Structures are given as structure tokens and as C-alpha cells.
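The values are calculated or read from the model by the stated rules, or taken from the named source; none is laboratory data. All figures in this text were calculated on a predicted structure; none of them were measured in a lab. Cβ placement follows ideal geometry from the backbone for every residue including glycine, while neighbour counts extend to all protein chains displayed.
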Amino acid sequence: MAELLAAASPRGRGVLTATVLGSGMAMLDGTVVNVALRRIGTTLGASVAELQWVVNAYMLSLASLILVGGALGDRFGRRRVYMVGVTWFAAASVLCGLARTPEQLIAARLVQGVGAALLTPGSLALIQASFRPQDRAAMIGRWAGLGGVAAAVGPVLGGWIVDNASWRWIFWINVPVAVVVLVLCRRCVPESCDEQVDRGFDVPGAVLGAVGLGALTYALIEAQEVAAGYVVTAAAVGTASLCLFVLRERRAPHPLVPLHLFRSRVFSIANAMTLLVYGALAAMLFFLVLQLQVSAGYTPLQAGFATVPLTVVMLLLSSRSGALAGRIGPRLQLSAGPVICAAGALLLRDVGAGTSYLTGVLPGLLVFSLGLVALVAPLTASVLATAPDRLAGTASGINNAVARTGSLLSVAALPAAVGITGADYRSAEAFTAGYTEALLVCALLLAAGGVVSLVGLRGVPRPAPRVPAPAPSR
């Protein structure tokens, strides 16, 4: 086994940089596209449903295959699979930028999501496997903070690119970033894998999971666009496939999802909260960035800059949040964080024509940011702390799959649920009515996440106080 690294060592800093840049690149394309959606829609002549697919095609392959990515890393080498994912992602980004029709862009986004599924779980698993145990909590906090910054920077960067160049460059910019990541991986990142793992692989489970999520997503997005028979059939196929997936994982000799991990109450509750919170987060960002452009009259760049408080607050406070959770346990932050986010979402419901940024947008974003800081680092640390080190990639993959599934389903379901269809993203009046209802739903999902943590983590013991090591005798 490779020697574990110290956080302050040059190689340690290289590992952190490589994992943050790689996972940040994948997160960036989960947020940066939101700013460009209106321009993409008008350029390619896309409908609301097609714009949903531009977002969700990426999320679909990512959510469906992220478990595969984590398992492949544990089996065949986390660094190796991570580098393959980075290379795949960069190549697919080129295809996205070359798309000339909505269908071509959707197909390229599906391919891009496969690369993201290979690299995303590997990022956190490399942190867990590369650093000394005493440095892991701090490095996870830094990873979470810098990763959150990458996600928040997406709208700003995307807005600047769309305003000053072409929306196609939001994809092409991934190529030089990928090159830097690959160089750092070769020089700094030690290889690691699960030395106890059996080399078998659960192909039927992977297929059932992908079919289940794909069919449900189709049913939700196309509910207003195709005949009811197709929607009902897709929903039935999706539900049946996911049920069969669970049964398969219970009996498979080499499951993608080792169900014994869910015997840990903390692991189960953290993932249930993840589904609710990340679903609400994805939907809120989807609607807010469009609302700022459609109804408030912002340019893509202005809409991107409007979310800068998310970047600043995450950068300043995430590592401290992780350290606090390490001292007091996760329950308080995982319960209060989503409720604070819900309050921020409610404050943002009034954004519309004539809204002042300082009084109508900024307060809600600041409140939302504080809630996000409170929950992200302890959530990640809680998931990993309940799994053995040898299953770090699998545990990370499960939590990421849950997060992406929440995002996928919320963005698929909410637009039609609040009455936004066709070309409504070009009408301020039609879009604002749906936006207000959507933000209320997001607030309810967030509050529910806080309640799940408050009730589910009751009685979980706090971390034992650290006893200082005795001073060496002289």
C-alpha cells in the first residue's frame, strides 16, 4: 500500500488540487449550463422540455453510473479510473460545444455524464485513501469548501462566457482544466484500491439502475408532451426496474450497493437528507438563474454575478463547519442547515421585475449560503465515517448517486408541476408564476430534510473528546 500523505506536503497539496479541479469541473457543468440555457434555447430553437433534457441528460448518466464509477475505482485503482473519467469528460465536452441541434447536445451531454460518473466518486475517495487519518477531516472540509466554490463559480463564469463569446465555450474550457488535472495525477496522486475486493462486477444491477432512472425521468419531463400511455408505461418500467434493482443488490454476489452500509442509521439518514436537500438545491438554481434573466432582465453575466455570495460564504466557512461537526457531531448542523436554506429559498420567492438586488436577491442568497455551509461538510464526513476505508469509493458513489438522483428528479418534475412548458422561458409573466410556486416547493423539501436529520439522528453519540498525547520524556 502506498505511503499516506501529510496535508501540508507538496504531494498532499497536489492531490487536493487535482481532486478539487476534477470534481469541480464536473460540478461546474452541473451549474454553468443553467446560465446559458436561455441562449442555448434561442440559438438551437429548443423547447422547455428539451432544455430540461440538456440539464437532465447529464444528470441521468451521472446518477445512473456513479455507483459503477465508485466500484470500478475500488476494484481497478482509484487514480486510474479517475484519470479515465477526466479524459472522457474532456472529450465529451468538445462534442457538446460542436452540437448544432438540441438532440445532438442532449446526446453529447449523456456521454459527458458518463465521464463525470467515473471521476466524481474517485475525487473524494482519493482524499480518503491518500491522506493520514489525522488529516482527513480537515482535507475533506477543504475539498467540500473548494468544491462548493467551483459549483458556485459556474454561473459567473458561464455568464461571462455567454455574454462575451459563445455558449459553446462553457464546454470547451474544460479541456485545459482536464490537462492540468491529468498532469497532477501523474505526479502527485498515489494509486489505491480495495485489496480485499472480489473482481466480479454487477452488470445486471447497473443496467436496472440506469433503466429505472431513465424511464422515470422520461415520464416526468415528457408528461405534458407525449400521449398518456407512453408516460404511464415509462413510469411503470422505471418503478419496476428500481424495485428489481434493490432485490438484485440484496442477492448479488458483488453488489454495486452493499446494502449492509444502510444498517448504519447515520448513513441511512444522511442519504435520505441528501435526496431532499440536493433535489431542492438543483431546482432552486435552475429556476433562480432563469428567473433573473427572464423576469428581472439580467444579462447572463449579471445573473451569474448575482450568485457570487454563494462562492464567498462557502470559501470562507466550509472548513470551519467541518471542524465544528468533528467536535460536536453532525446532528445540529444537519438539522439546522436545511431549515436555514429553506428560509433563504422563501426570501427569494419575490424575485421578479423591478426587484432590487441588494434588498430582494442578496438577503435570500446570504441566508441560503449559511445553511449550505452548515450542512455540506458534516454531511460528507458523516457518510464516509460510517463506511470502512476499503469501501470509501463505494460509499462516496452511493451518496453522490443519491444527490444526483434528487437533482435529476426535481428538475424533471417541477417545471411541468408548476405549469412551465413549451416556450414559457421566453415569457416573464408565465415564468414568474411558475417560479414562485417552485421556490415554495424547494423550501418545503429543504425543511423536510432538516426534520429527517433532527428525528433520525436523535441519540447518535457525539465524537469522543480527543485526549492529548503525553509529552515525550527528555
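When the residues of the stretch 161-189 are filtered to those that are surrounded by fewer than 17 Cβ atoms within 10 Å (Cβ to Cβ) and in a loop (DSSP other than H, G, I, E, B), the one that is modelled with the lowest pLDDT is A165. Can you pull out the residues in the stretch 414-427 that are part of a helix (DSSP H, G or I), at pLDDT 85 or above and of a type in the set (A, V, I, L, M)? Correct list: L414, A417. Taking the conditions exactly as written (buried (at least 19 other Cβ atoms within 10 Å of the Cβ) and at pLDDT below 90), does S130 satisfy them or not? The answer is yes for S130.
Selection over the stretch 72-127 of residues that are farther than 19 Å from R168 by Cα and not in a helix (DSSP H, G or I) gives a count of 1.
Name every residue in the stretch 1-53 that is among the charged types (D, E, K, R) and either modelled with pLDDT of 80 or more or not in a helix (DSSP H, G or I) (or both), in order of residue number.
So in the stretch 1-53, the residues among the charged types (D, E, K, R) come out as 3, 11, 13, 29, 38-39, 50.
Matches in the stretch 1-53: E3, R11, R13, R38, R39, E50.
Please find, among A252, A223, A236, the residue that is surrounded by fewer than 18 Cβ atoms within 10 Å (Cβ to Cβ) and over 30 Å from L334 (Cβ atoms). Outline the logic, then answer.
Details: A252 fails: surrounded by fewer than 18 Cβ atoms within 10 Å (Cβ to Cβ); A223 fails: surrounded by fewer than 18 Cβ atoms within 10 Å (Cβ to Cβ).
Unique residue meeting the criteria: A236.
Among the conditions (1) within 24 Å of M314 (Cα to Cα); (2) among the polar types (S, T, N, Q); (3) modelled with pLDDT of 85 or more, the only one that N56 does not satisfy is (1). Looking at the stretch 307-321, is at least one residue surrounded by fewer than 24 Cβ atoms within 10 Å (Cβ to Cβ) and more than 19 Å from L365 (Cα to Cα)? Yes, the stretch 307-321 has at least one match. G360 falls short on exactly one of the conditions (1) touching an Asp or Glu at 6+ places or on another chain (Cβ under 8 Å); (2) modelled with pLDDT of 95 or more, and that condition is (2).
Candidates L384, L317, L347: the one that is at pLDDT 80 or above, closer than 25 Å to S23 by Cβ and part of a helix (DSSP H, G or I) is L317.
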